[in-house]
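To start, the structure itself, in structure tokens.
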Amino acid sequence: MKPDTTGAVRACVILASAGLLLAACGTPSTQATPGASVTAPASSTASTPAPSAAQPVTQKRCATSELSLSVGKPIQAKNGSGGYTVPLVYKNISSRTCDLYGVPGVDLLGPADPNGDTYHLPQIDNGAPRNSVDPGDSATADISVLPYSPGSNGSNGSTKWVPTTLKTIPPDQTTALTANWPEGLSVLRQDAATHPETYVNGILANP
């Protein structure tokens, strides 16, 4: 009498329909064919985004070591105030283009005075908002000067003071440049004035 395999066959059919393969069912196990290629699953790694467009390069500030300083001849004001304009010319002596804008620091040094031998000039930021200077080119900051005049408004109680040296620190720098002050040009000391009439203006590109 042959053994009844109906139940076993039925169980194998059920397992096969569920995607399961059991050696116990008497079905030959599946062997990989030598040399057959195996397809790897698709990578789930996200693609690398393309690099963003390069940002515009901004020039670095002109360092003090990249500049030379000259003091121009005083120009008398045309408004009848008796004042003068003294140009400070900063020349780019480096081999690169650099930014030179803002208000430089300016000190006038001279003889002894009740207020001291150094006059720290006030600053007015009225220059170019941005200014690049090519090698060999220059930019200028003007000093507005009210000279000493005996008996004039604001000179009472003061003495004539003539600076000998100008010291200036370019914007964003810490090292100073020096030059001779125009010979004989006096400056009315207004160290404690609310609105002094001697001050340094912002840097402008040369015309």
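Can you find a residue in the stretch 137-151 that is part of a loop (DSSP other than H, G, I, E, B), among the acidic types (D, E), surrounded by 14 or more Cβ atoms within 10 Å (Cβ to Cβ) and touching a strand residue (DSSP E or B) at 6+ places or on another chain (Cβ under 7 Å)?
So the first thing to find is which residues in the stretch 137-151 are part of a loop (DSSP other than H, G, I, E, B), and the list is 137, 146-151.
Pick out the ones that are also among the acidic types (D, E) and you get 137.
So of that shortlist, the ones also surrounded by 14 or more Cβ atoms within 10 Å (Cβ to Cβ) come out as 137.
Filter once more, keeping what is touching a strand residue (DSSP E or B) at 6+ places or on another chain (Cβ under 7 Å): 137.
Checked the stretch 137-151: at least one residue is part of a loop (DSSP other than H, G, I, E, B), among the acidic types (D, E), surrounded by 14 or more Cβ atoms within 10 Å (Cβ to Cβ) and touching a strand residue (DSSP E or B) at 6+ places or on another chain (Cβ under 7 Å).
List every residue pair whose Cβ atoms sit under 6 Å apart, with the two residues 6 or more apart in sequence or on different chains, where the first one lies in the stretch 58-70 and is in contact (Cβ under 8 Å) with a residue 60 or more places away in the chain and more than 12 Å from P104 (Cβ to Cβ) and the second, anywhere, is polar (S, T, N, Q) and assigned to a loop (DSSP other than H, G, I, E, B). If the second residue must be polar (S, T, N, Q) and assigned to a loop (DSSP other than H, G, I, E, B), the pairs left are Q59/T97. Being in a strand (DSSP E or B) and hydroxyl-bearing (S, T, Y) is the filter; apply it to the stretch 79-93 and report the residue that is nearest to A63 (Cα to Cα). Out of the qualifying residues, it is Y90. The single condition among (1) out of contact with any Gly (no Cβ under 9 Å at 6 or more places or on another chain); (2) under 19 Å from R61 (Cβ atoms); (3) of a type outside the set (D, E, K, R); (4) part of a strand (DSSP E or B) that I203 does not meet is (1).
Here is the figure for the stretch 145-179: residues that are at pLDDT below 95 and over 27 Å from K78 (Cα atoms) total 1. Among the residues of the stretch 121-136, the one identified as in contact with a Lys or Arg (Cβ under 9 Å, 6 or more places away or on another chain) and surrounded by 14 or more Cβ atoms within 10 Å (Cβ to Cβ) is V133.
Scanning the stretch 99-133 for residues that are more than 22 Å from the chain's Cα centre (by Cα), assigned to a loop (DSSP other than H, G, I, E, B) and not aliphatic (A, V, I, L, M) yields G110, P111, D113, P114, N115, G116, D117, P122. The residues listed here are T175, T118; of these, the one that is surrounded by fewer than 15 Cβ atoms within 10 Å (Cβ to Cβ) and within 16 Å of L69 (Cβ to Cβ) is T175.
Restricting attention to the stretch 167-178, which residues are within 16 Å of V89 (Cα to Cα) and either more than 27 Å from the chain's Cα centre (by Cα) or of a type in the set (V, I, T) (or both)?
So the first thing to find is which residues in the stretch 167-178 are within 16 Å of V89 (Cα to Cα), and the list is 167-171, 176-178.
Result: T168, I169, T178.
Just give me the residues in the stretch 78-105 being within 20 Å of N180 (Cβ to Cβ) and out of contact with any Asp or Glu (no Cβ under 8 Å at 6 or more places or on another chain), in sequence order. Walk me through how you get there before you give the answer.
As a first pass, look at the stretch 78-105 and keep what is within 20 Å of N180 (Cβ to Cβ): 84-91, 93, 104-105.
Result: Y84, V89, Y90, P104, G105.
In this structure, does R96 turn out to be farther than 19 Å from L204 by Cβ, assigned to a loop (DSSP other than H, G, I, E, B) and among the charged types (D, E, K, R)? So R96 fits the description; yes. Scanning the stretch 178-190 for residues that are surrounded by 14 or more Cβ atoms within 10 Å (Cβ to Cβ) and either acidic (D, E) or over 26 Å from Y101 (Cα atoms) (or both) yields L185, S186, L188, R189, Q190.
The values are calculated or read from the model by the stated rules, or taken from the named source; none is laboratory data. Not measured: the values here are computed from a predicted model. Here Cβ is always computed from backbone atoms with ideal geometry, including for glycine, and neighbour counts include all displayed protein chains.
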